[in-house]
1. Pairs please, first residue from the stretch 104-133 and touching a residue at least 60 places away in the same chain (Cβ under 8 Å) and surrounded by 11 or more Cβ atoms within 10 Å (Cβ to Cβ), second anywhere and in a strand (DSSP E or B) and not aliphatic (A, V, I, L, M), Cβ atoms under 8 Å, 6+ apart in sequence or on different chains.
2. Spot the failing condition for residue 62; the list is (1) crowded, with 18+ Cβ neighbours inside 10 Å; (2) closer than 24 Å to residue 19 by Cβ; (3) of a type outside the set (D, E, K, R), and only one is missed.
3. Determine whether residue 79 is in contact with a helix residue (DSSP H, G or I) (Cβ under 6 Å, 6 or more places away or on another chain), within 24 Å of residue 137 (Cβ to Cβ) and open to solvent by less than 40 Å² (accessible area, probe 1.4 Å).
4. Taking the condition within 14 Å of residue 31 (Cα to Cα) and modelled with pLDDT under 95, does residue 118 pass?
Amino acid sequence: MTGQEAPLSGLDIEPIADPDVDAVVALWRACGLTRPWNDPYADIALARRTASATVLVGRADGEITATAMAGSDGHRGWVYYVAAAPDARGRGHGRAIMRTAEAFLRAQGVQKVELLVRADNLSARDFYDRLGYVTEEVTVMSRPLVDAPHSDAEEAAPNGRF
């Protein structure tokens, strides 16, 4: 995957490196992907120390303009933190980073990829529709196993969500 050129997008896609972490978190924040109850730095660190996961960065003209975190739970592949810089949208960067995340998962023997999209994020839902993803009729349930860090009650994870 290192140095893989994504067709038509102009992206050079490779796994995250130490100097990339702050820029990746800044991109996630600019794209509205972070939540007070999830520490993006901890998420990156966990993915980097897990053999079945990766954080991919896509660079155009040396700047990080796309990301995706991908990993396998041993049954299915999951993709998180898919981002394309707001000023770089429409250039195929999101499609390229997703295809590279799918290739990472396929290389691990994963046969199905899953992702979660907030119900009110219509632009993301449209993006994934165009990539061939379908909405499945399931209910996602969760239960926190640790206290979520927060500065006050309003920032706590609503209904225990992560």
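The values are calculated or read from the model by the stated rules, or taken from the named source; none is laboratory data. Note that the structure is predicted; figures quoted are calculated from it, not measured. Positions of Cβ are backbone-derived with ideal geometry, glycine not excepted, and every protein chain shown enters the neighbour counts. Quick note on the areas: whole protein, heavy atoms, side chains included, nothing else; ligands and nucleic acids left out. Shrake-Rupley method; radii C 1.70, N 1.55, O 1.52, S 1.80 Å.
1. Within 8 Å, the pairs are 104/54.
2. Here residue 62 meets the rest and fails (1).
3. When the stated conditions are applied, residue 79 passes them.
4. So residue 118 passes the test.
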